[in-house]
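What follows is a short report on a single structure.
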Amino acid sequence: MRTGGVMIKVVLGLSAAVLATVVAAKLAFDATTYTGAEPANQPWAQNTMEFVAWNGEKWTAWIRESTFEQRPQNDEQWSPHANASLAFIDWKGSPWQAKIDGNDFLLAHRGEWKGSTERGNAIRYRDWKGENQLRTLSQLKR
């Protein structure tokens, strides 16, 4: 009888340890992927960005060599392509365009390249859910 009681305690102890590990992992995951008002930079989404284009269409992009490779969510209407620039919606809902300029991005509001441009180390964009995200050049390179 005592052996059975000890065995039950061992099984219960191991079960509690496994459950505690799973709960701790879930809490750590939730703590690192908060996507409220602040941008999230999820490690599993590295090397791509799921963004909303000026026309409201959803695209996925990454950088290969010195161009943006772009793939549409709606592949019946749009085709995958490579382009020197990327048209996206920023955190405030404004249309911007980005180009690669050395180790940074060159950014133009509404794609007005002859007007005032900005240099930035990251693209601050809205993702498919409308949440603020950001990606750096090194995060988008493949």
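None of the figures in this text is laboratory data; all of them are computed from the coordinates on show. Worth saying up front: this structure is predicted, and the values here are computed from it rather than measured. Reconstructed Cβ throughout: ideal geometry from the backbone, glycine too, with neighbour counts over all protein chains shown.
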Open item on the list: Full-extension gain between K129 and S15, please, as 0.36 nm times their residue separation minus the C-alpha to C-alpha distance.
Closed with: 37.3 nm
Open item on the list: At 1.306 mPa s and 10 °C, plugging the Kirkwood radius over alpha-carbon pairs of region 43-140 into Stokes-Einstein gives what diffusion coefficient in µm²/s?
Closed with: 119
TODO: Under 15 Å from the Cβ of D104, count the other residues' Cβ atoms, weight Lys and Arg +1, Asp and Glu -1, and hand me the total.
DONE: +3
Task: Size-normalised alpha-carbon gyration radius of region 87-142, reference 2.2 N^0.38 Å - done: 1.08
Open item on the list: Please give me the summed charge of the neighbours of N121: other residues whose Cβ is under 13 Å from its Cβ, Lys and Arg +1, Asp and Glu -1.
Closed with: 0
- [ ] Kindly list the residues of region 89-103 that lie in the label zone of E65, defined by a backbone N under 19 Å from the point 7 Å along the Cα-to-C-beta vector.
- [x] 99-103
Task: Efficiency of FRET from Cβ geometry, N55 and L106, R₀ 25 Å, rounded to 0.05 - done: 0.70
Task: Potential extension, D75-M7 segment - 0.36 nm per residue separation minus Cα distance - done: 18.7 nm
Task: Those lysines that a straight Cα-Cα span of less than 20 Å connects to K92, excepting residues fewer than 8 apart in one chain - done: K58, K129
